[in-house]
Amino acid sequence: METETKKTHKATVHRVLAHTYTVYLVLFLVGVCLDFIFKIKILEDSIVVPVGFFFLVLASVLIIWAQKTGRDLRKVSEVKTEHFCKGPYCYTRIPTQWGLFFLMLGFGIITNAFFVILSTIVSFFISKFFFQNKHDKLLVEKYGDAYVEYKKLVRF
């Protein structure tokens, strides 16, 4: 019975994450389409292109690091607060979302795409304010006080 409950929670947590990632994808595509139509350029200097590449590399490393670290939690039988604080999860509770944000932002900077940059910012706020609370609530239900303590330690 306990395993069935864990599977239900896992599916639900992953469903919330899937909705978050879908928001990023849909708004990114909307931003790309709007940039094709309106062609508003905001960055005149090509000096910012290396900044965009830096964000792409940072995002890739952050996403891979978060995914690898997240898998390690599944191997723990009794979860304690310190199990959450590993890898990028010591600095933020949502490293994959930060990675998606930097990935889209880097692309927007490199391509000088106003609407991609705007959709990146909107995506982040939608994810942060609509999906993060639901995600946290599910993890509190699943892990209890250990996750509550972790939330107090890592606020961002």
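Please treat every number below as a calculation from the coordinates, not as lab data. The structure presented is a predicted model; accordingly, all values stated were derived computationally and were not measured. Neighbour counts run over all protein chains shown; Cβ positions are idealised from the backbone, glycine included.
Structure summary
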quantity	calculated
Nearest 10 degrees, 0 to 90: helix 95-111 Cα axis against the chain principal axis	10 degrees
Theoretical FRET efficiency, 1/(1+(r/R0)^6), r = Cβ-Cβ of Cys33 and Phe130, R0 22 Å, to 0.05	0.45
Per-pair calculated FRET efficiency, R0 = 25 Å: Thr69 and Ala18 via Cβ, rounded to 0.05	0.80
Degrees separating the helix 49-73 axis from the principal Cα axis of the chain, which is the longest one	10 degrees
Using alpha-carbon coordinates, inclination of helix 132-143 to the longest axis of the chain, degrees	20 degrees
Fraction of alpha-carbon pairs over 26 Å apart in the chain - percent	33 percent
